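One structure is given below, encoded as structure tokens.
The values are calculated or read from the model by the stated rules, or taken from the named source; none is laboratory data. All values derive from a computational prediction rather than experimental measurement. Using ideal geometry, Cβ is built from the backbone for each residue, glycine included, and neighbour counts are taken over all protein chains shown. In case anyone asks, the SASA skips ligands and DNA or RNA and just uses the protein heavy atoms, side chains included. Shrake-Rupley method; radii C 1.70, N 1.55, O 1.52, S 1.80 Å.
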Amino acid sequence: MANATAYQNGEKSLFGHPRGLTYLFTTEMWERFSYYGMRAILVLYLTNYLLLEPTASNVIGYHTLKRFFESMTGPLDVQPFSSMIYGTYTAFVYLTPFFGGIIADRWIGQRYAVIIGGIIMAAGEFVLMVPQFLFLGLGLLIIGNGFFKPNISTQVGNLYQPGDSRIDRAYSIFYVGINVGAFFSPLICGSLGETVGYQWGFFAAGIGMVIGQLIYVFALRTLPPDRVARLKTHTEEKKPLTRQDWKAIFAIILLCIPVTFFWATYEQQGNTINLWAQNFTNRELIPGLIDWEIPVTWFQAFNPFMIAAFTPLIVSLWGRQSKKGTEPSTVTKMALGLFLLAISYLVMALAAHLAPQGGASWLWLALFFAFITLGELYLSPIGLALVARVAPAQILSMMMGLWFITSFTGNLLQGYIGSFFSQMDKVSFFLMCSAIGAVAGVLTWLFNFPLRPILEAKPAADAAAAAAAAAAANARGAEA
Ligand code: GLN
């Protein structure tokens, strides 16, 4: 990549991290603003307006898709049909990154993939402003995200040399960017959508995407060269996969199994937890004193807010632990993430137990969000960093896409688990979610034994290879 030299010579740092991290942070913040802003109004748009007659029949593809879903489920009313659309959409946006990753690795590189994906996503938001084109708009978002998400994510790791211990922290910082966008978007796109008109919510989401793209293009000079290109400059050829590479691939695939169960229960937040907030929670700020009710949708902002608030604490805890040599391994952190998720659902089970008729204090939800957010911080950014550190460079973006497939399967499973909510006693429902997290946590913790040597050997091996390649290049330079 032509910019490789400019990037390497011009690397400036901010708070001890390459300046490119700030731009990737800001680009992803705007992209997630767009993604979550649109998501916040989608179900309301569908159930309150678009799927009602006479508008519904004008939507291109409406009857075909409805017939398709109904062939599996039987007749669907507006709300269940909207829920199927929402579930399918939120699942499929996480399937396409696998293919977007392959396309970037093989043909176009990560930078072009981000630009192409960003343009398609912005177009998708603007297309959604036209009611007839709902499915076209959602399709564009699914395809665009496939190009964008894995490739922006791998670029964070590419800012650092293999083996650099700052990579984990970098992903935690990047994750804050994701959540700053996720926090503000329902407030802006959601409020615009609900008060001025849904299409203006989509418009704001599209503008957010455009801002993100402009920042990205402006920042290209500070961004890392595509990893495959960097590899080629080191070794002058594309390496075949080594035994160690295959082991790393195996380790990532194995970890994807429990991580799927993490998302299947984590994603209840937008589904059954939202229903709990609406139907079983006393949302009065201070009952008897300030009877103002917290709006149901605001609970969706608790998690991104807490991500931003807790990240500095967790990162400094890991920093202190690292100095003492007691920082948990990546796999242990992920197991802890699952245990924290299990605790969060125990909190909900206790709330449901103490208020069997509903009316549980909203503080239970706040406590639930605190635990589930801590769990997320121990698992999600850590997983991104893990893939960036150990996946072979030739298939890096594809492996990042594989990581996102856990959110595809997790979201499909989430819908299935959530479908038991209304029939089941709530204590049992939450205990079931907790048990899923706990079992997956034990499984992950057991993976420590086979996986630790694989996952910890890789950076050193890579660093040594890079150092050897650099030394060889220098020697060649000296000979010339
Ligand atoms: N909230 C994070 C994001 O939007 C993680 C989502 C996921 O992988 N399911 O990137």
| Which far-off residues, 5 or more places away or on another chain, put their amide H under 5 Å from the one on Ser361, with H placed in the peptide plane? | Asn282
| said: From Cα pairs below 8 angstrom and at least 6 apart in sequence, can you work out the relative contact order of the chain, rounded to a whole percent? | reply: 24
| said: Using only the heavy atoms of the protein chains and a 1.4 Å probe, how would Arg32, Arg221 rank by accessible area, largest first? | reply: Arg221, Arg32
| note | One finds the C-alpha centres of region 347-395 and region 49-77 to be spaced, in Å, by 34
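Given the DSSP H assignment, sum -39500 (n - 2.57) over each helix run of at least 4 residues in the chain and divide by its residue total; what's the result at 222 nm in deg cm²/dmol, nearest 500?
Working: 19 runs with 358 residues, N = 480.
Value at 222 nm, helices only, nearest 500: -25500 deg cm²/dmol.
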| said: Quick check: pseudo-label points 7 Å beyond the Cα along Cα→Cβ at Arg452 and Ile60, how many nm apart are they? | reply: 5.7
| request: Compute the distance in nm between two label points, each set 7 Å from the Cα along the Cα-to-Cβ direction, one at Leu52 and one at Arg19. | output: 5.3
| field | Proximal lysine pairs, the chain, alpha carbons under 23 Å, eight or more residues apart or interchain | value | 13
| task | Set Lys and Arg Cβ to +1 and Asp and Glu Cβ to -1, take the dipole of the chain about its Cα centre, and tell me which of Leu363, Asn158, Gly206 lies farthest positive. | result | Asn158
| said: Check which residues have an amide H placed less than 5 Å from His17's amide H, if you skip close sequence neighbours. | reply: none
| query | Using a 1.4 angstrom probe and counting only protein chains, how large is the accessible area of Lys66 in Å², to 10? | reply | 40
| Can you give the accessible area of Ile215 in Å² (nearest 10), computed on protein heavy atoms with a 1.4 Å probe? | 40
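Please give the per residue accessible area of region 61-118, computed with a probe of 1.4 Å over protein heavy atoms only, in Å². Don't jump to the answer; show the numbers that get you there.
On the way: 2760 Å² over 58 residues.
Per residue, region 61-118 has 48 Å² of solvent-accessible surface.
Eigenvalues of the Cα gyration tensor times 5, then square-rooted: what semi-axes does that give for the chain, in whole angstrom, largest first? The partial results should precede the final answer.
On the way: eigenvalues 294, 146, 83 Å².
So the equivalent ellipsoid measures 38, 27, 20 Å along its semi-axes.
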| query | Taking each full run of DSSP H in the chain as one helix, which ones are at least 20 Å long along their axis (Cα atoms) and have mean Kyte-Doolittle hydropathy of at least 1.6? | reply | 330-354, 362-390
| said: Within the chain, what whole-number % of the accessible surface is contributed by carbon and sulfur, with the 1.4 Å probe and all protein chains included in the calculation? | reply: 68
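Gain in length, Arg221 to Ile290, computed as 0.36 nm per residue apart minus the alpha-carbon separation, to one decimal in nm?
Numbers: separation 69, 0.36 × 69 = 24.84 nm, distance 5.25 nm.
So the extension gain works out to 19.6 nm.
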| said: So, taking all protein chains as they sit and a 1.4 Å probe, how much accessible area belongs to Tyr62, in Å² rounded to tens? | reply: 20
| Of Glu194, Glu31, which has the most accessible area and how do the rest follow, probe 1.4 Å? | Glu194, Glu31
